[in-house]
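A.B. asks: Before I ask anything, here is the structure I am working with.
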Amino acid sequence: MATVSERRITTQRSRPGRALAGFAGEAVIWAFLIIMALIEFAPISWMFSTSLRDPSRSFDLPPDFWPTAFNIGNYWTVITSPDIDFLLFFWNSLKIALIVTVAQLITCSMAAFAFARLRFRGRDAFFFVFLASMMVPWTVIMVPTFIVIRNLGLSNTHWALILPALTSAFGVFLLRQQFLTLPAELMDAAKIDGASYFRIYWQVMLPLVGPGLSALGIFTFLGSWNNFLGPLLYLRDWDKFTFPIAIIQLEGYMGMGNRAHVLAGIMISIFPVLLFFLFAQRFVIQGIAMTGLKG
Amino acid sequence: MQTSVSSGMTQTQSTKRRGRSAGLQSREALAGYAFILPALLTLTIFLILPILASAVLIFMEYDILSPAKWVGLANLKRLVSDNRMLLIYRNTLVFVVGATFLNNIGGLMLAMGVNRAMPGVLRYLLRTAIFFPVLTTTASLALVWQFLLTQDRGVINYLLSQIGVDPVPWLSSSTWALRSVILYDVWKSLGFLMVLYLAGLQGIPESLYEAARIDGANRWQLTRYVTLPLITPTAFFAIVISLIGAGQVFDNAFVLTGGGPGDASRLIVLYIYEVGFKRFEMGYAAALSLTLFAILIALTMLQFVMARRWVHYE
Amino acid sequence: MSAELHSDRGRLLSRRDMLRLSALTMAGAVAAACAPAAAPATSGEGGEAAPSQEKVSIVATTSMPINTWDNALERATEQLPNIDLKVTATPVPNWSAYSDSIVTQIAGGEQLDVIMIAIEGLRLLTNKNILVPLDPFLEADPEAQQLLMDDVHVTLREMLQVDGKQMEYPFSWNNMILYYNTAIFEEEGVDPPAEDWTWDDFLAVCEKVSRVSGAADDRYAYSFWGANLFGMHAWFFNNDTSLLTDDWVDSNVLDPKFSETLQFLADLILVHKFSPNPAGWDETAQLHAGNLVMRTCGRWCFGASLAEGFETYDIQYQPYQSGPYRTDVGTDGWGISSSAADDQAAWEVVKFLSNQDAAIDMVQLGGNVPALRSVSEMPVFAEYGPANTALFYKSLDYAKTVPSPTNFNIIEPVMNRHLETIWNGEKTVDEAVQAMHVELQAEMDKIKA
């Protein structure tokens, strides 16, 4: 800290210069933030504005990044399309995503707690197995997994998407890192109070990794909601389809579908997630701010 | 590996626990096994079993319909003479390094930018806009980007032409196709990384900043001596996740460029998928996967070893 | 899961209602006929007619949009009382991906009794023993045999034979023809192309209708897929050349005419700027928006124009350079899976899904050309199609089958990869063709063994 105190003297001497530099710095940061936000959002607003245009005007130049027409016909066509039952697909997607998310929050946090805070023979070896399995490209196991699912008689059921996703090595890793950042004293104090391991996990430790849990929950939900390959591989029946497959239906026979309809379909499919996020965002990020570390 | 994995444990913990009685230890061990059981069981059935099966596949010729045939080392020998694989690994390396670098630098910068005093509404808008792409399906949005990046009459090239830039062959040129795939990945994942880093930033106790401020630290010094060291556990996690994720990216190239032109933007997983599910050469696909697996494992171990030099746990 | 299936019943009904509604608005007399047909099916859902014998469950899988079969499924409850018919669709963009998906499904233990496949994937499925020959069924069923001989063009019928055995019963087919925007032709004072127009005539037309300067109102004269055997052979065959030798066993790309064709097409993009680079370019939308004047496609492209009310277009042969052919042709059909639970029931379904009614349903949705000539002679076929619709059947006599060897799904990506390096100007036609030849010949040699 010696260097810091020295600096204080120098910086205090040149206050006007520092204010100017601070102002320039502020401006650069704000420009960066705003430009990035625009870049991130522009394609989506282009999609939204295009989905509201007459299909033959999909590729008009100059492009519009805000709605200039309100032709909700595209949405109407998609919703009433005989091929697409958006309510049913919504329910299918939601059901699978919810089950998978809740299951992962439980299984991952339990394992992560054990890996971070309990000592048992082979712990590091087990953890290494988890870690290594996280790095297995899904293509390696796509075929054998397919055969396992087939032998369990689960092809063409939602279980084929749910069961393999009941846990994730990613989640275990994420939460283990979170548990590790908690003060070790918490655990010891609880033990001295005579709490069982389950109580320590459930009542003491779990509430403190809320941010990690909500992050894992969100990403698990999104991962399941947006899963494209799984449904494509396993689901054959129209009435079991999920949203991403429904979008593909909109692309039509040999890709002949109408782009404005595809864009409208994508908008409809991200709308529930957007709604969820508009509420969950507060929860997640404020939850993170209230982390137990401070207490 | 053993030491590096447990390096997260603080020194005090290990010393304290060394004196425990055997009974307590076995109770703790039982609890440990019970806690990892559900995850372990799922992992065993749907991950480890299939992995073991793939390990056998390497020595087989298998088209998933006819019975598998033992071919010994033929698939491994074929790896050595596969010229396309080399180019595809080069692409993958460029993609992994490029995407990981841009995602993490960008994610951290955005998180630090957003994590500052500003009106709540503004923060909310910024966060929502930047996070929005994460909410969407990779395959669907790649389709949208394909429309935007079209060379002729494409939206982005039109915008560029307004500021005097010649049309860029985003998807059709060998140099640009891979860059487009990287840019799309960064666009899609930046919000994810921002949220991860934001969680890390907000986990840094305010008291540390206060203490530093009392010592007279300016903003740069706060960043340098408080934020950056304390964000390292998050960064470690984020980089490991990005590296592994980038190594396995599939949808991006699959939808955006189809791996083309030629092999210019083909990534290793796309190649494995094509060998396995287009050519139905499962054995060779497994052999290719093995190379990727080995590389990812090596990368991660390297990360863990290096982590001891730059990651600070409290 | 079973409870879920039952609860979906109501939804399926509403889907049918929706279909009936749209069918009614879409078509005139013919569509109206679908509505009464739907009524008994609806009542049948409520109180089953207490079938004395157990129903046989048959699963048919198709590449076409699932709603193509909605009317057929309703008719099935009446016409196939002993069969519980289910149609599954595999939503993929091309035949290679579709055949890959069939193989994967079979490997996954899916029950597939009746399989639709086109010539492009036929040999792969036959080679993997996924299909059984239909000849025994045809011999035992003189009526179906007669229909196949009398009402299906010989080219289409023989196309779905492998080693002299009929593997699929033809349902629909396509050939590649040129779509052009009649309004723009008129506006620019260009006469509609003649049947025997040549490459030079084509270039002259392109010159007149194109308008490319990098501005917002750019208009391209012509665009082509630049990929896929079916798309490319529309040009190769018009210059009497092909990717493969006529017996589909060797690479033919060193043929000077092959290079000549590619050079002609590359110049459209790189020299004349008549055509856009195909990567990411959406032909259908650009055609409808008037940003594109001509394209090459089969009848299935008509569906999108029908749905969007785009009417100022007509069709003509592809422009011609040399040789006896004017276009390429490919056929799909229904066949019986070697794992079918009940062959006879599967055969009934094959016939049922290939019949006139099914073909009419497809025609009205803007799908392919029906294999049954009788359907193409019905007013409904002319009604649903551009002015020159007769060209589809007429061209059959000048059409050659798209090369479809067993490794179709492997060589198509090989060709595509090398073509991309021509269209972006990074390789000369000669360099790309040499590289293509080496890789292609190696693949063809593999299946000779």
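A.B. asks: Solvent-accessible area per residue for segment B:98-140 at a 1.4 Å probe radius, Å²? The partial results should precede the final answer.
C.D. replies: Values: 1480 Å² over 43 residues.
Spelled out: the 1.4 Å probe surface of segment B:98-140, per residue, equals 34 Å².
A.B. asks: Taking just the C-alpha trace of segment A:44-135, give me its Rg and Dmax in Å.
C.D. replies: So, for segment A:44-135, Rg and Dmax equal 23.8, 66 Å respectively.
A.B. asks: Using the alpha-carbon centroid of each, what span in Å lies between segment A:181-200 and segment A:205-244?
C.D. replies: Their Cα centres are 32 Å away from one another.
A.B. asks: Mind pulling up the Rg/Rh value for segment C:376-449? Radius of gyration and Kirkwood radius, both on Cα. Mind showing how you got there, number by number?
C.D. replies: Details: Rg = 18.8 Å, Rh = 15.6 Å.
Rg/Rh for segment C:376-449 comes to 1.21.
A.B. asks: Quantify how strongly other chains surround peptide B:264-276 by giving the mean number of their Cβ atoms within 10 Å of each of its Cβ atoms. Before the final figure, lay out each step's value.
C.D. replies: Working: counts 5, 0, 1, 0, 2, 4, 1, 1, 5, 5, 4, 1, 6.
Going residue by residue through B:264-276 and averaging, the value is 3.
A.B. asks: Averaged across the residues of A:47-56, what count of C-beta atoms belonging to other chains lies within 10 Å of each residue's C-beta?
C.D. replies: Details: counts 8, 0, 0, 3, 0, 0, 0, 4, 9, 12.
Taking the mean over all residues of the peptide, I get 4.
A.B. asks: Then there is this: Take C:Glu187, A:Glu40 and sort them by solvent-accessible surface of the protein heavy atoms, 1.4 Å probe, largest at the top.
C.D. replies: Values: C:Glu187 130, A:Glu40 5 Å².
Largest to smallest exposure gives the sequence C:Glu187, A:Glu40.
A.B. asks: What are the extents of the Cα atoms of segment A:83-294 along their three principal axes, listed from largest to smallest and rounded to whole Å?
C.D. replies: Taking the Cα atoms of segment A:83-294, the three principal extents are 67, 41, 24 Å.
A.B. asks: Another one. Round to the nearest 0.05 the FRET efficiency obtained for A:Ile192 and B:Arg179 when R0 = 56 Å and r is the Cβ-Cβ distance.
C.D. replies: Details: r = 58 Å, r/R0 = 1.03.
Efficiency, rounded to the nearest 0.05: 0.45.
A.B. asks: So for A:Val148, C:Val380, what's the accessible-area order with a 1.4 Å probe, most first?
C.D. replies: A:Val148, C:Val380
A.B. asks: If you don't mind, there's one more thing I want to ask. For the Cα atoms of chain C, what angle does the longest principal axis make with the long axis of helix C:343-353, in degrees from 0 to 90, nearest 10?
C.D. replies: It works out to around 60 degrees.
A.B. asks: So, one more: Rolling a 1.4 angstrom probe over the protein heavy atoms, how many square angstrom per residue are accessible across chain C? Don't jump to the answer; show the numbers that get you there.
C.D. replies: Details: 16420 Å² over 449 residues.
It amounts to 37 Å² per residue over chain C.
A.B. asks: Measure out, as a whole number of angstrom, how far apart the alpha-carbon centroids of segment B:89-108 and segment B:211-244 sit.
C.D. replies: Taking the Cα centre of segment B:211-244 as reference, the centre of segment B:89-108 is 21 Å away.
A.B. asks: I'd like the mean, over residues of C:417-427, of how many other protein chain beta carbons sit within 10 Å of each residue's own Cβ.
C.D. replies: Numbers: counts 9, 2, 3, 13, 8, 1, 3, 12, 3, 8, 3.
Neighbouring Cβ atoms belonging to other protein chains average 6 per residue here.
A.B. asks: If every alpha-carbon in the protein assembly as shown counts as one equal scatterer, what log10 I(q)/I(0) does Debye give at q = 0.06 1/Å?
C.D. replies: -0.50
A.B. asks: For segment B:74-310, what percent of Cα pairs sit more than 24 Å apart? Kindly include the intermediate steps, with their values, before the conclusion.
C.D. replies: Details: 15552 of 27966 pairs.
It works out to 56 percent of all Cα pairs.
A.B. asks: Related question: Tell me, Kirkwood radius of segment A:153-261 from alpha-carbon pair distances, in Å? Intermediate values should be presented prior to the final figure.
C.D. replies: Values: mean 1/r = 0.0578 Å⁻¹.
Every distinct Cα pair counted, the radius reaches 17.3 Å.
A.B. asks: What accessible area, in Å² to the nearest ten, does a 1.4 Å probe give for B:Tyr89?
C.D. replies: B:Tyr89 exposes around 40 Å² with every protein chain in place.
A.B. asks: Between segment C:154-201 and segment C:290-335, what's the alpha-carbon centroid distance in Å?
C.D. replies: That distance is 6 Å.
A.B. asks: Can you tell me the relative contact order of chain C? Whole percent, Cα pairs under 8 Å, sequence separation 6 or more.
C.D. replies: 22
A.B. asks: What number of lysine-lysine pairs in chain C show an alpha-carbon separation below 28 angstrom, given a sequence spacing of 8 or more or placement on distinct chains?
C.D. replies: Step by step, the pairs that qualify in chain C add up to 29.
A.B. asks: Under the √(5λ) rule applied to the eigenvalues of the Cα gyration tensor, what semi-axes describe the equivalent ellipsoid of segment C:208-354? Give them in Å, descending. Working shown, then result.
C.D. replies: Working: eigenvalues 232, 116, 32 Å².
Each semi-axis is √(5λ); the values are 34, 24, 13 Å.
A.B. asks: Can you tell me the equivalent ellipsoid semi-axes for segment B:228-314? Use √(5λ) from the Cα gyration tensor, largest first, whole Å. Walk me through the numbers before you get to the answer.
C.D. replies: Values: eigenvalues 211, 48, 14 Å².
That gives 32, 15, 8 Å for the three semi-axes.
A.B. asks: With everything on Cα atoms, drop me the angle between helix C:95-107 and the longest principal axis of chain C, reported from 0 to 90° to the nearest 10.
C.D. replies: On a 0 to 90 degree scale, this one is about 40.
A.B. asks: Continuing with the same structure: Which value at 222 nm does the protein assembly as shown reach when only helices count, each DSSP H run of 4 or more adding -39,500 (n - 2.57), with the total divided by all residues and rounded to the nearest 500 deg cm²/dmol? Each step should come with its number before you reach the end.
C.D. replies: On the way: 52 runs with 643 residues, N = 1058.
One gets -19000 deg cm²/dmol as the mean residue ellipticity at 222 nm.
A.B. asks: Residues with amide H under 5 Å of C:Ser354's amide H, sequence separation 5 or more or different chain, H placed in the peptide plane at 1.01 Å from N; which?
C.D. replies: Under 5 Å from the amide H of C:Ser354: no residue qualifies.
A.B. asks: Now a separate question. Which loop-located GluC sites (Glu not before Pro) does segment C:369-420 contain, where loop means any DSSP state but H, G, I, E or B and the Cβ has at most 14 other Cβ atoms within 10 Å?
C.D. replies: Of the GluC sites (Glu not before Pro), the ones in loops of segment C:369-420 whose Cβ has at most 14 other Cβ atoms within 10 Å are C:Glu377.
A.B. asks: I would also like to ask the following. Specify, per residue and in Å³, the volume enclosed by the convex hull of the alpha carbon atoms belonging to chain C. Before the final figure, lay out each step's value.
C.D. replies: On the way: hull volume 71.0 nm³, N = 449.
Enclosed volume per residue, from the Cα hull, is 158 Å³.
A.B. asks: Let me ask something additional. What does the accessible area of B:Ile239 come to, in Å² to the nearest 10, when a probe of 1.4 Å is used?
C.D. replies: Only protein atoms counted, so the area is about 40 Å².
A.B. asks: Please calculate the 1.4 Å probe accessible area of C:His418, with all protein chains present, and give it to the nearest 10 Å².
C.D. replies: Near enough 20 Å² of accessible area.
A.B. asks: How do C:304-314, C:118-128, C:103-113 rank on mean C-beta neighbours within 10 Å, highest first? Intermediate results must be reported in sequence, preceding the final value.
C.D. replies: Details: C:304-314: 17.5, C:118-128: 23.5, C:103-113: 20.3.
Ranking the peptides C:304-314, C:118-128, C:103-113 by packing returns C:118-128, C:103-113, C:304-314.
A.B. asks: Could you give the spread of the C-alpha atoms of segment A:117-212 along their three principal axes, from largest to smallest, in whole angstroms?
C.D. replies: Each principal axis gives a Cα extent; for segment A:117-212 these are 50, 27, 25 Å.
A.B. asks: Per the 1.4 Å probe, what fraction of the accessible area of chain C, in percent, lies on carbon and sulfur atoms? Spell out each step's value before the answer.
C.D. replies: On the way: 8560 of 16420 Å².
Result for chain C: 52 percent of the exposed heavy-atom area is carbon or sulfur.
The values are calculated or read from the model by the stated rules, or taken from the named source; none is laboratory data. Please read all numbers here as calculations on a predicted model, not as lab measurements. Neighbour counts are summed over all protein chains in view; Cβ atoms, including those assigned to glycine, are modelled from backbone coordinates with ideal geometry. The area values use the complete protein model at the heavy-atom level, side chains included, leaving out ligands, DNA and RNA. Shrake-Rupley method; radii C 1.70, N 1.55, O 1.52, S 1.80 Å.
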